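In what follows, a single structure is set out as structure tokens and then discussed.
The values are calculated or read from the model by the stated rules, or taken from the named source; none is laboratory data. None of these values were measured; they are calculated from a predicted model. Virtual Cβ from ideal backbone geometry, glycine too; neighbours counted across all protein chains shown. In case anyone asks, the SASA skips ligands and DNA or RNA and just uses the protein heavy atoms, side chains included. Shrake-Rupley method; radii C 1.70, N 1.55, O 1.52, S 1.80 Å.
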Amino acid sequence: MTKLLSSNIKLTDPISLIKGVGEKQTEGFNDLGIYSIKDLLFYFPRRYDDYSSYSNISDLKPGQVSIRAKLSSIRNRKVRRGLNITEAIASDSSGSIIVVWFNQAYRINNIKPGTEYLLCGNYSLNRNRFSLVNPSIEIASDDQLNNTRIVPVYSAHKTLASWKIRKAVQEALVFSDQVEEEIPEYLISALHLMPIRDAVRQIHFPDSSLNLIAAQTRISFSNLFPLLLANELSSIERKRTKALKVIFNVELAKKFVSELPFKLTDEQRKVIWQIYKDMEQNNPMNRLVEGDVGSGKTVVAVMSAVMALANHYKVAFMAPTELLARQHFDTIFKLLSPLGMEDKLVYLSGSITALKKKESLNKAANLRSCFIVGTHSLLSADIDWSDLALLIIDEQHRFGVAQRLELQKKTGHLPHFLSITATPIPRSLFLSLFNDLDLSQLKQLPNNRLTTETNLVLPSDYDRFYANVNKELEKGNQIFVVSPYIHSRESDDTISVEKLMHIYSKKFSNYNVEMIHGKMGSTDQDVIMKKFVNKEIQILIATTVIEVGVDIANATLMAIYGPEHFGLAQLHQLRGRVGRSNLQSNCYLMLSESLSPPDRLRQFANINDGFKLSELDLEYRGPGAIYGKLQHGKGFNDLSINDQQIINLVKKAINLFMSQGDEVIKYPLLNEKISQAQQITYLN
Ligand code: ADP
Ligand code: MG
């Protein structure tokens with residue numbers, strides 16, 4: 001395609017219009033989620049190499065260093081299977097050091113002896129000698145774009161190296177003048193923020209490290225301000241809105257508790273009490289219950305619901321999957337029966353037959369007070385929601401601000417809102433991001449539980465592991481086997497569900513082995529799950545469809561293949577599928593390489609507390625990865641939500657904004673970001 005004159009190009013135009021970006025590169029960019037010129041301008045560097053100043057080799061001290069040196073004596077050594085070391089000697093006029101790269105054998109092909117390079121990396125003690133480890137490297141030249149300055153390094157793609165991205169960004173910066181400011185002018189000047197256009201330029205090609213910090217602060221501000229402002233506005237709105245008052249009935253509460261097959265834990269009692277108090281208010285409750293897997297959140301939710309039913313209101317209970325909705329329906333049926341309330345139960349989901357759906361809708365229409373259980377699609381059902389007093393969302397990882405606003409439009413009031421989850425939000429994030437939400441924690445497991453033991457299994461230990469599987473099966477217990485993939489992938493030696501199906505059917509031919517995954521229809525999933533519950537299946541091979549909520553007391557062994565592919569919160573959820581009774585359970589992380597396992601997994605094996613794991617996950621992955629879905633489009637890839645200084649800055653801005661009586665509607669770009677923030681989902 002011929003490139004247009006740059007004066008006609010808009011930020012929303014495709015990146016293929018940028019000079020030097022051909023068809024192949026466009027594909028690579030698209031894979032990275034970059035389509036428009038604006039996307040590219042907002043694709044920020046992953047890190048920077050500081051070539052703006054470098055040291056003499058003779059002056060080096062341990063730590064991050066930059067040098068300008070010639071490389072010689074380059075060689076590759078295969079130390080053992082899976083470990084290749086590339087070594088070279090770097091020299092400048094002051095001295096020489098050893099440079100080492102681990103598992104980057106390709107380096108040998110593109111390093112030219114005698115050429116001068118800029119190297120940037122960690123100078124540290126390694127195998128008893130000091131060396132420069134895994135440095136990044138650029139040919140030294142006086143070209144401004146590539147060195148003698150702070151150089152951006154981008155997350156690359158297999159066909160798109162960081163330097164190609166850098167070049168494209170450099171070209172795209174011509175259009176940065178078109179980036180529009182979304183923050184009100186008076187806030188920018190009062191808080192001394194860098195204007196957005198400058199920030200976009202400086203974050204890619206900073207003139208100095210001070211400018212870089214100012215640009216990063218500005219970009220973080222832009223990310224956080226709409227989120228916190230959305231929060232503030234929702235909070236104000238909620239406090240202005242009426243809810244249906246649910247009056248506490250002590251007899252009913254006593255009756256419910258006396259019919260339970262177990263005694264509630266103190267924490268369960270405490271949380272239920274908090275909820276009852278909230279629901280007696282005129283304003284809608286907005287409460288998140290965090291409780292580790294197996295802590296008994298369902299019964300807390302149902303006990304809350306029962307009170308709303310007794311007040312002749314409706315309750316809706318949404319589960320993330322059909323599988324779970326079905327399971328909840330059965331559980332709730334059992335809990336309501338002793339109270340004579342089971343007639344009020346209605347099941348609604350996308351996949352039930354038209355006839356059944358009609359039955360459900362009729363039932364809901366005829367009952368003023370009913371308990372509707374289903375997937376998130378239930379809110380769009382043709383039901384009169386005006387008597388909806390309580391909305392419960394289980395493990396859906398979303399606060400549903402958007403859904404609530406929709407309900408409010410339909411009914412004129414807001415229901416009390418209860419979100420229950422086993423994936424806790426790290427405390428620091430909670431305080432900064434969700435101050436409109438009240439938090440309850442179930443920090444105690446029912447005391448008949450034994451701690452699930454977690455084991456890391458190297459390929460050489462697989463046989464011993466299979467022997468353990470056999471032992472469990474002989475005891476009549478059931479097994480979960482999980483893989484991240486349904487089909488095998490060329491690029492990954494993780495064993496897929498299909499392959500596992502083959503392996504386990506062969507190895508354990510006396511037992512019934514079945515698989516379950518998201519590509520199967522929900523009826524088929526239901527059939528398999530029922531069989532597993534009825535113990536007709538002993539080994540269930542699954543993807544993460546079984547990740548949350550599934551409650552099978554007799555399952556005592558969880559094997560997770562490709563554990564590196566999962567976040568800690570996800571692994572913890574998976575591990576939580578076992579150890580749900582008084583039987584000792586085990587979780588096995590099936591490693592596919594004989595290398596020493598990542599620290600992350602080793603720590604996971606020793607920590608059973610979901611709250612601690614969430615903090616650790618934050619440390620390892622950063623809020624960007626955890627809050628990947630927080631914002632529309634590209635991930636939330638900066639650390640600002642953890643940065644108290646920026647949070648304070650944003651809070652100051654919000655105070656100013658509110659005290660001026662300013663309105664979001666005056667700022668279309670900001671308004672759009674706020675609407676997005678109100679659709680927030682959190683934690684993946
Ligand atoms: P989660 O919090 O992971 O959603 P569930 O609500 O599914 O956990 O509860 C897990 C299991 O523990 C269920 O079988 C439930 O009946 C049982 N349970 C809940 N509370 C208690 C308790 N106080 N004592 C013993 N068992 C309980
Ligand atoms: Mg649950």
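What figure, in Å² to the nearest 10, do you get for the accessible area of D463 with a 1.4 Å probe and non-protein molecules left out?
110
Taking the Cα centre of the range 250-442 as origin, sum charge times position over the Cβ atoms of Lys and Arg (+1) and Asp and Glu (-1), and report the length of that vector in debye to the nearest 20.
200
For the range 453-607, with all protein chains present and a 1.4 Å probe, just round the carbon and sulfur fraction of the accessible area to a whole percent.
45
Ranked highest first by the average count of other Cβ atoms within 10 Å around their residues, in what order do 124-133, 473-482 fall?
By packing density, highest mean first, the sequence is 473-482, 124-133.
With a 1.4 Å probe and all protein chains kept in place, how do D617, D599 rank by accessible area, largest first?
Reading off the accessible areas and sorting them downward yields D599, D617.
Under 18 Å Cα-Cα from K530, which aspartates and glutamates qualify once same-chain neighbours fewer than 8 residues away are excluded?
Cross-link targets: E322, D330, E514, E547, D551.
Can you give me the solvent accessible area of S491 with a 1.4 Å probe, rounded to the nearest 10 Å²?
Approximately 110 Å² for this residue.
Assuming a ≥ b ≥ c are the square roots of the Cα gyration tensor eigenvalues, decide whether the range 251-346 counts as rounded (a/c under 1.5), prolate (otherwise, with a/b larger than b/c) or oblate.
rounded
Shape verdict for the range 294-389, please, from the Cα gyration tensor: rounded (a/c under 1.5), prolate (a/b greater than b/c) or oblate.
Oblate is the answer for the range 294-389, as a/c is 1.5 or above yet b/c matches or exceeds a/b.
Take the alpha carbon gyration tensor of the range 453-607, find the square roots of its eigenvalues, order them as a ≥ b ≥ c, and report rounded if a/c is under 1.5; if not, report prolate when a/b exceeds b/c, else oblate.
It is rounded, given that a/c, with a ≥ b ≥ c, falls under 1.5.
Could you order peptides 229-236, 343-350, 259-266 by the average number of other Cβ atoms within 10 Å of their residues, highest first?
Averaged packing, sorted descending, gives the order 343-350, 229-236, 259-266.
State the extension gain, in nm to one decimal, for the chain segment bounded by S491 and K651, taking 0.36 nm per residue of separation less the distance between their alpha-carbons.
Taking S491 through K651 to full extension adds about 53.0 nm, to one decimal.
Let me check I've understood the local charge: for N534, count other residues with C-beta under 15 angstrom from its C-beta, Lys and Arg +1, Asp and Glu -1. What total comes out?
Here the count lands on -1.
For the chain, what does the accessible surface come to per residue with a 1.4 Å probe? Please give it in Å².
Computed with neighbouring chains in place, this is 46 Å² per residue.
Amide H neighbours of F417 under 5 Å, counting only residues 5+ apart in sequence or on other chains, H built in-plane at 1.01 Å?
Those lying under 5 Å, H to H, from F417 are M285, N286, R287, L391.
With the full set of protein chains in place, find how many percent of the accessible area of the range 260-335 is carbon and sulfur; take the probe as 1.4 Å.
Summing carbon and sulfur atoms, their accessible area is 52 percent of the total for the range 260-335.
Which length gain, in nm to one decimal place, applies between T331 and L583 when the Cα-Cα distance is subtracted from 0.36 nm times their residue separation?
88.6 nm
Name the residue from A253, Q268, A215 whose Cα lies farthest towards the positive end of the charge dipole of the range 207-328, charges +1 on Cβ of Lys and Arg and -1 on Cβ of Asp and Glu.
Ranked along the dipole, the leading option is A253.
Percent of Cα-Cα pairs more than 45 Å apart in the chain, please.
32
For the range 22-125, what does the convex hull of the Cα positions come to per residue, in cubic angstrom?
Taking the convex hull of the Cα positions in the range 22-125, it is 161 Å³ per residue.
Net charge near M520, counting Lys/Arg +1 and Asp/Glu -1 over other residues with Cβ under 13 Å of its Cβ?
Overall, the nearby charge balance is -4.
Residue separation times 0.36 nm, minus the C-alpha to C-alpha distance between R81 and T353: what's the value?
Result: 92.4 nm gained on full extension.
In debye to the nearest 20, how big a dipole does the chain give about its Cα centre with +1 on each Lys and Arg Cβ and -1 on each Asp and Glu Cβ?
The dipole of the chain has a size of about 860 debye.
Taking amide H positions as placed in the peptide plane 1.01 Å from N, state which residues far from I486 in sequence (5 or more) or on other chains have amide H under 5 Å from it.
V497
To the nearest 20 debye, what charge dipole does the range 563-606 have about its Cα centre, counting +1 at the Cβ of each Lys and Arg and -1 at the Cβ of each Asp and Glu?
240
Could you check how much of the accessible area of the range 148-220 is carbon and sulfur, as a whole percent, using a 1.4 Å probe?
54
Once whole DSSP H runs in the chain are found, which of them have Cα atoms spread over 24 Å or more along the helix axis and a mean Kyte-Doolittle score of at least 0.0?
209-240
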